[in-house]
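The structure appears below as structure tokens.
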Amino acid sequence: MQTPLRVLIVEDSEDDCLLLNNELTRGGYAITYRRVETAEGMTAALAEENWDIVVSDHRMPQFSSLAALKLCKERAHNMPFIVVSGSIGEELAVSAMKAGAHDYIMKDNLARLVPAVERELREAESRRQRSHAEEELEQWRRRTDSILEAAGEGICGLDADGVINFINPRGAKLLGWEAGKLIGKPLHETVHHSRDDHTPFLKEDCSLCATLRDGLAHWMDDEVFWRKDGLAIPIEYTCMPIHEDGKIVGAVLTFQDITERKDAESALREANRRLEHSLAELRRTQEKIVEQERLQALGRMAGGVAHDFNNALSKILGFTELLLTSSEKLHDTETVREHLRMISTVSRDAARVVRRLHEFYRPRRDTELFKAINLNDIVEQTISLTETKWQHEAQARGVSIQVRTELEPKVSVCADEAELREVLTNLIFNAVDAMPQGGAITIRTSTVMAQAILEITDNGTGMTDEVRRRCFEPFFTTKGTGGTGLGLASAYGIIQRHRGEIHIETEVGKGSTFAIRLPVFVVEHKQPAVPEPPIALKHHPLRVLVVEDESMVRRIEVEYLTADGHIVETAADGGEGLSKFRAGRFDLVVIDRAMPEINGDQLTDAIKELNPDTPVILVTGFMEAPANEHKQQQADLILAKPFSHASLCSAVEKVMAAA
């Protein structure tokens, strides 16, 4: 695990700064750094942030290591300061060390950097601990002086027998006595003889008297002393022994009335009780509000899903009814094919709605591997791919739309190339839709610290606060029937999966800026991936057991498989499927995951226990694994519904090639 390290780098060369950063990263540090090259920049950096170490070049056009060292000592005198230079003479190096630099390293010998940083961090920690100890010692000295000066406390001197030989005016006043009349009286018998419930307080049980016996300091934070008028006052006291020539010759007692503290504690307990009650009420109210918002969001999402699916179902039912109610159409092969193609297209569109909705909330899987890509390439590719469409739309409206780029060189991120193109495509078309009178879209890339930034700015209509708050919700759209409300929701989910952030700055009438922040790609040395062997097609027919509780789905699977020449046997539930598997011999088993009583996972486990070599394809309508998703999956392949004939055929070929 890398150690976090905040480094202020005083350097005029960005390349040299990156070399230092890379060297420290290889040394096991997770670097957060800021590069400055002027006195003003360094002054601001020291004022705005806390740094663990300063690494400075020796000679810069507007600055030097000695000037940087002086600033560092003025504002953070304990911070380690290392000079890294490409050319520094021995005399200058000695001068830097005398001025307070902790080390100097030549740029052609950066191997010394990490050991030097480790050493100086340890020494800085030692300096901090020493300073802290000195501060504590000084605080203790001031406290001792305060006690000796009797500031706000009763101070009483005792001899070896516990008799009062000194008491300050504050102490006498607290006890209701004149100071002179307490001299010569035994302290315990005079003011400490009883507990607060009036029961006797024996000397052998008294911590105050114990000091005179064992020579140790004793402290009590809640006892009572008795005043001359017979009233008890709550007391906090400390009793310190006085030693001379190895003998206990007396003690010094400091005490104070804690009535106000006890009243405050009582009031605080009551206030805490009331606060806890109020917080409980607030939590209940918040839970109700959150639940209402959740239900409203669910209602909006359900409405959006219903809208899209009702549109799809209307088309499917319409084309189906046209075929079923017209014998002429049924006998017209081309019409039947056309209607079936439309039904297939609409069905696939409906399936894509579900998948895109799933992509909105799906977290990044551990097995999902991203690769290093140049963010600028994504920008240029997306502009090229979308240019024809947005230019055509602009021309159709009789307006002009320009897309400009301001790209910083070499902005690399670790990402899925296709998903980032989808995000940028959605944002470009959103910007085009926001400029009905035409305008300009500016796309910028840059790198700040360890983040790559992608900004898409338009000078269109902008958003209201309500639209800005809701624009990432699934199925929320301002485009009427022309939008699905899934574009920005999908973009949000993709950026979240890339461990990035997406923010909006917008003003009605002035346009919007979508700012995406992604982690900068850091080079890692990995073993080259071993290419997977190509799938070997199986040409001989297979004996396949299909276990599916939905009769229509079961029928479709059977027809797909028999069309490919396979011999198929079916079961309507998990129990029947297990019985048929035990009784027969099958080359492949296709199982529905969500079945009553014995589900697909349980049946897969049972089949693998009986014959581990039998390939199993698990068919599921869920986008993610259900409750047992963390359990080791035994199926050879999971096939998502809805699937096509080609998808099932490919799945069969893949598992049989691996068998």
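Pick from the stretch 584-614 the residues that are touching a Phe, Trp or Tyr at 6+ places or on another chain (Cβ under 9 Å) and assigned to a loop (DSSP other than H, G, I, E, B): which of them is nearest to Phe643 (Cα to Cα)? Spell out how you get there, then give the answer.
Quick first cut of the stretch 584-614, residues touching a Phe, Trp or Tyr at 6+ places or on another chain (Cβ under 9 Å) only: 589, 593-594, 603, 606-607, 610-611, 614.
Now drop any that are not assigned to a loop (DSSP other than H, G, I, E, B), which leaves 593-594, 611, 614.
Values: Arg593: 14, Ala594: 16, Asn611: 27, Thr614: 22 Å.
Result: Arg593.
For the stretch 170-188, the candidate set comprises residues that are open to solvent by 90 Å² or more (accessible area, probe 1.4 Å) and over 60 Å from the mean Cα position of the chain (by Cα); within that set, the residue that is farthest from Leu231 (Cα to Cα) is Lys181.
Which residue, of Thr254, Thr238, is farther than 15 Å from Cys206 by Cα and among the hydroxyl-bearing types (Ser, Thr, Tyr)? Just one listed residue meets the conditions, Thr254. Applying the set (1) among the charged types (D, E, K, R); (2) exposed (fewer than 15 other Cβ atoms within 10 Å of the Cβ); (3) assigned to a helix (DSSP H, G or I); (4) touching a residue at least 12 places away in the same chain (Cβ under 8 Å) to Glu120 leaves exactly one unmet item: (2).
Whenever a residue of the stretch 551-571 is in a strand (DSSP E or B) and modelled with pLDDT of 90 or more, its partners that are open to solvent by 50 Å² or more (accessible area, probe 1.4 Å) and polar (S, T, N, Q), lying with C-beta atoms within less than 9 angstrom and at least six residues away or across chains, give the pairs Val568/Thr562; Ala571/Ser579.
How about the stretch 612-656: which of its residues are farther than 22 Å from Val558 by Cβ and either crowded, with 18+ Cβ neighbours inside 10 Å or at pLDDT 90 or above (or both)? Reasoning before the result, please.
Filtering the stretch 612-656 down to residues farther than 22 Å from Val558 by Cβ leaves 612-613, 622-634.
Hits for the stretch 612-656 are Pro612, Asp613.
At pLDDT 65 or above, under 25 Å from Thr620 (Cβ atoms) and open to solvent by 70 Å² or more (accessible area, probe 1.4 Å): does that describe Leu313? Here the answer is yes, as Leu313 does meet what is asked.
Restricting the search to the stretch 543-565, which residues are in contact with a helix residue (DSSP H, G or I) (Cβ under 8 Å, 6 or more places away or on another chain) and open to solvent by less than 40 Å² (accessible area, probe 1.4 Å)? Result: Val544, Leu545, Val546, Val547, Glu548, Glu557, Leu561. The residue pairs whose first member lies in the stretch 314-333 and is over 18 Å from Ser344 (Cα atoms), whose second member is aromatic (Phe, Trp, Tyr), and whose beta carbons are closer than 8 Å, counting only pairs six or more residues apart or on different chains, do not exist in this structure.
The values are calculated or read from the model by the stated rules, or taken from the named source; none is laboratory data. Since the structure is predicted, the reported quantities are computational estimates derived from the model, not experimental observations. Note that we place each Cβ from the backbone using ideal geometry, even for glycine, and neighbour counts take in every protein chain shown. Just so you know, the surface numbers come from the protein's heavy atoms only, side chains and all, with ligands and any DNA or RNA stripped out. Shrake-Rupley method; radii C 1.70, N 1.55, O 1.52, S 1.80 Å.
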